[in-house]
Amino acid sequence: GCPWGSLVPLRARSRGAGAGEVLSLLQQWYTSSMNIVCTWLTDRMDLQLHIYQLKTLIRIVKKTYRDFRLQGVLDSTLNSKTYETIRNRLTVEEATASVSEGGGLQGITMKDSDEEDEEDD
């Protein structure tokens, strides 16, 4: 599970925040997290990611997406233009890596990231 997922609602509730405030906070957190990843990728638009960077980013993006979905963040927030940009870039990088690295991703993939509920951490 998400190590921080239950922390935010607990902190927010301890100061009397309602469910709407908690959801709003989580949506802002998700959006800012995806913006950071997107900016990092944009800064490296002309560079192919190292296999380790690619594997790490796929894990981060998939886990972030899944954890925030489990916390109740809306699909309209989860599947933002920013997320789609990240997903598309990582999918292209994954295809390139699978050809050049010959299995270097070891089963790590962006495929079905929005449908997976269970994954080895």
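The values are calculated or read from the model by the stated rules, or taken from the named source; none is laboratory data. Everything numeric here is computed off the predicted structure, so don't read it as measured data. We place every Cβ from the backbone using ideal geometry, glycine too, and count neighbours over all the protein chains shown. When the accessible area is computed, the model is the full protein with side chains, heavy atoms only, and any ligands, DNA or RNA have been set aside. Shrake-Rupley method; radii C 1.70, N 1.55, O 1.52, S 1.80 Å.
A few remarks follow.
- Against the list (1) open to solvent by 30 Å² or more (accessible area, probe 1.4 Å); (2) more than 13 Å from the chain's Cα centre (by Cα); (3) not basic (K, R), the condition T56 fails is (2).
- Checked against the criterion of being modelled with pLDDT of 90 or more and among the polar types (S, T, N, Q), the candidates S33, S14, S6 yield just one match: S33.
- Leading residue by the ranking (farthest from N79 (Cα to Cα)) among those in region 24-48 that are open to solvent by less than 50 Å² (accessible area, probe 1.4 Å) and touching a residue at least 40 places away in the same chain (Cβ under 8 Å): L41
- The lone exception for V92 - which of (1) modelled with pLDDT under 90; (2) open to solvent by 60 Å² or more (accessible area, probe 1.4 Å) it fails: (1)
- Those residues of region 59-89 which are within 10 Å of the chain's Cα centre (by Cα), buried (at least 17 other Cβ atoms within 10 Å of the Cβ) and of a type outside the set (D, E), in sequence order: V61, K62, T64, Y65, R66, F68, L78, Y83, I86, R87
- Residue check, E101 modelled with pLDDT under 95 and among the acidic types (D, E): yes
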